[in-house]
Amino acid sequence: MMDLLLFGIFPYVAVSLAVGVGIYRYFIDRYSWSSQSSQFLESRALFWGSVPWHYPILIILLAHFLAFLFPTGWGELLGRPLRLYLLEVTGLALAVWAFIGLVILMARRVGSRRVSAVTTVIDWLVLLILLLQVATGIYIAFTLRWGSLWYLHTATPWLWSLLTFNPQVQTMAVLPLFVKLHAVNAFLLVALFPFSRLVHVVSIPVTYLGRPLQVVIWNRQRDGR
Ligand code: HEM
């Protein structure tokens, strides 16, 4: 019953909240749809935390998605021991790097009085849940070898079953506690997404790429004088 609740129902609740509240917030309070940058309050620790956090975690998430979207290709890629070791070692190194970046970002929120003043309860909650996500990921990668392969026979079918609205929780139900925690915690992050600074993830300013570097808008008549 608990497994059905956690792996068959909770993911839908989380995604519905993320989409529903996310759209509502976008239209009702669009100004808040950002990371609420605190760079002008402190930028040094932000750089040393933000770079090691964002690059590794994005690569790790990409690997999670590739294994989910292309399980056959992923299985073939890791079919040779050398490639498997290389991917696992790289994943682990990136994860430790992301963990350190996140700890620096958290320390910055404690260490700088100005940044601490603009940090809310939800910010702390999200940071702690992210820390738990990365910590459990590292623990799994370290203790339950070879996760990048058994993911294909456990997480991938479960995630596809959710996507096709036919939740099959058996493959997750038999996994060790830390893997369950890692999976449920990921959907907890999805649920918190629209209530937090995480919304900036989908507000990447892609239009900036094709835009002139600077747009000057005159607010007085240009009559040649
Ligand atoms: C917010 C979403 C998620 C984040 C940020 C995240 C983060 C991480 C991190 C940092 C690692 C360690 C990387 C490594 O050593 O390769 C990891 C590993 C892992 N994650 Fe996630 N994860 C997320 C969602 C999920 C979900 C939904 C599942 C499905 C059950 C999952 C299953 C795994 C497995 C099986 C491993 C071990 C991989 C290995 O041993 O190489 N993750 N995750």
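Quick note: the coordinates plus some simple rules give every number you see, no bench work behind them. These numbers come from a predicted model, not from an experiment. Neighbour counts are summed over all protein chains in view; Cβ atoms, including those assigned to glycine, are modelled from backbone coordinates with ideal geometry.
What to note about this one:
- Filtered residues of region 133-153 (kept if surrounded by fewer than 18 Cβ atoms within 10 Å (Cβ to Cβ) and farther than 14 Å from residue 65 by Cα): 135, 138, 139, 142, 143, 144, 145, 146, 150, 153
- Residue 87, sole failed condition from (1) more than 8 Å from the ligand (Cβ to nearest atom); (2) surrounded by fewer than 18 Cβ atoms within 10 Å (Cβ to Cβ): (1)
- Test: residue in region 37-52 that is basic (Lys, Arg), more than 30 Å from residue 168 (Cβ to Cβ) and surrounded by 11 or more Cβ atoms within 10 Å (Cβ to Cβ): no
- Among the residues of region 116-131, those that are among the hydrophobic types (A, V, I, L, M, F, W, C) and either surrounded by fewer than 19 Cβ atoms within 10 Å (Cβ to Cβ) or in contact with a Cys (Cβ under 6 Å, 6 or more places away or on another chain) (or both) comprise 117, 118, 121, 122, 124, 125, 127, 128, 129, 131.
So that you can scan it fast, the table gives a plain yes or no per residue for (1) closer than 22 Å to residue 192 by Cβ; (2) among the aromatic types (Phe, Trp, Tyr); (3) assigned to a helix (DSSP H, G or I):
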site	(1), (2), (3)
35	yes, no, no
42	no, no, no
59	no, no, yes
64	yes, no, yes
76	no, no, yes
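- Residue satisfying condition, being touching a residue at least 60 places away in the same chain (Cβ under 8 Å) and away from the ligand (no atom under 14 Å from the Cβ), within set 129, 122: 122
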